[in-house]
Every structure is written in structure tokens, then in C-alpha cells.
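One structure below.
Here, each number is a calculation from the coordinates, and none is a lab measurement. Given the structure is predicted, the values throughout are model-derived calculations rather than measurements. Methodologically, a virtual Cβ is constructed for each residue, glycine included, from the backbone with ideal geometry; neighbour enumeration extends over all protein chains shown.
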Amino acid sequence: MLNLYLLRHGETDWNKIGRFQGWTDIPLNETGRMQARSIASTLKKLEFLHCVSSDLGRAHETLSLATENRYPLHQDQRFREIFCGAWEGQTKDSLREQNEHIEKYFHDPLNFPPREGETLHQLLERSSAALQELLNTYSAATGNLLIVSHGGTIRALLTHLLGTGLSAWNSFYINNCGLAHIIIEPTGRKRLALLNGS
């Protein structure tokens with residue numbers, strides 16, 4: 001049996017003020033570093049077969065702090081956040097002032113992606129491909145896997161793992177340094193055991 005742990009990165013200054021980050025490489029702030037150090041006490045109780053993060057600094061630093069550098073730390077850009085295109089660096093209010101379709105995005109993100117950004121289908125395609133490669137590598141193993149990624153990406157992966165379809169993407173909320181735990185049984189059955197753990 002495999003236990004898959006998905007951890008969102010710690011807080012950044014852009015998280016704090018509500019700016020779309022996407023692929024912009026914003027570092028953790030001090031609160032984010034404190035969150036990552038705090039989750040380390042939970043992760044210390046586990047042994048991981050493999051630890052990987054997005055290649056963006058906020059995710060990789062979270063992985064380093066949360067595991068206290070006890071493991072080789074891998075990066076995969078396919079676990080990046082959704083690319084927000086022209087919206088990167090913008091807040092909801094600034095997008096409203098520019099008459100962008102921000103309300104439609106929050107109501108129906110499947111059909112109204114960020115302007116010049118990725119669709120949810122593109123996000124899911126790349127992130128689930130990376131996930132499947134990881135699961136295939138450890139398909140015969142018993143143990144724990146850790147992925148440190150981003151809120152939107154983790155939500156996409158949860159819809160994939162739980163078979164809900166992307167229409168459920170908006171149904172999940174992932175806190176900064178919120179931990180999700182999915183049990184993957186030898187039969188392939190997947191069960192959500194924890195969401196937003198700390």
C-alpha cells in the first residue's frame with residue numbers, strides 16, 4: 001500500500017495580499033517558513049520513499065524545511081501552479097478594474113481560464129502525468145511519497161485521484177502548508193484520509 005502526501009507550500013507575501021502567483025517565483029515569507037518548520041514535526045513521524053516539489057522556490061524551500069533535509073530533494077516543473085498568464089501579479093480588485101473575467105473564472109474556471117494562461121485541463125494533464133510516473137515507479141512498493149506543490153495543482157491532482165472530474169476543482173480549498181493524505185491500496189482504490197492536516 002502507498003500513502004501519498006500532498007503538501008501546499010508555505011505563505012508568500014503575494015498569498016497574503018491575494019495576488020495571482022502562477023509561475024512567478026515568489027519566495028516564502030517568514031510566516032511561510034514558520035509554517036514549513038511547523039509541519040516538519042508531523043512529517044518527522046514518517047519515512048518517505050521519495051520527496052519531490054515543484055521547481056518554484058516557494059515549493060522547494062517548503063520541502064527542504066518540512067523534511068529538515070533528511071532526504072534527497074527532487075524537483076519537477078510539471079508540479080508548478082497553474083500558469084496565470086496576464087493575471088500574474090494582479091489582485092482580484094485590479095482585475096475587476098480592468099474588466100477581466102475574474103468573476104466568471106471563480107464561478108466556472110473550466111470555461112474561463114486566466115487570460116493568456118493555462119486551462120484546468122492543461123494543468124491536470126501535465127501534473128497528473130508527473131504523478132503517474134511517480135506512482136508507476138513505486139507501484140510495487142509499500143511506503144510514503146511526498147509531493148510539495150501549489151493550491152491549484154493539488155486541487156487538480158485530488159480531482160484526478162478521487163475520480164471526481166475537474167468540475168469539483170472549486171470544491172477543495174488547500175491552506176498554506178495544508179497536508180493531504182491519500183491512501184492508494186494494492187487494488188488501485190484511492191481514499192482521501194486527510195485534507196488540510198498540520
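When the alpha carbon gyration tensor of segment 127-198 is reduced to an equivalent ellipsoid, the three semi-axes, largest first, read 20, 14, 12 Å. With the simple spin-label model, which puts each label point 7 Å out from Cα in the Cβ direction, the Leu49 to Thr187 separation comes to 2.0 nm. What spacing in nm lies between the two simple spin-label points modelled at Asn175 and Arg70, each 7 Å away from Cα in the Cβ direction? The answer from the label model is 2.2 nm.
For the chain, the Cβ-based charge dipole about the Cα centre amounts to some 600 debye (Lys, Arg positive; Asp, Glu negative; other atoms uncharged). Bridge orientation summary for the chain: considering DSSP beta bridges with both residues in this region, about 50 percent are antiparallel.
Seen through its C-alpha gyration tensor, with square-root eigenvalues sorted a ≥ b ≥ c, the chain comes out oblate because a/c lies at 1.5 or above while a/b is not bigger than b/c. Highest mean packing first, where packing is the average number of other Cβ atoms within 10 Å per residue, the peptides 125-132, 78-85 line up as 78-85, 125-132. In this calculation the C-beta distance from Ser198 to Arg33 is compared with R0 = 22 Å, giving a FRET efficiency of 0.90. Here each label is just a point 7 Å from Cα along the line to Cβ, and for His101 and Gln122 those points are 1.4 nm apart. Net charge around Leu73, counting only other residues with Cβ within less than 13 Å of its Cβ (Lys, Arg = +1; Asp, Glu = -1)? Summing Lys and Arg as +1 and Asp and Glu as -1 gives -3. Sorted on the mean count of surrounding Cβ atoms within 10 Å across their residues, most packed first, peptides 149-155, 61-67, 171-177, 134-140 read 149-155, 61-67, 171-177, 134-140.
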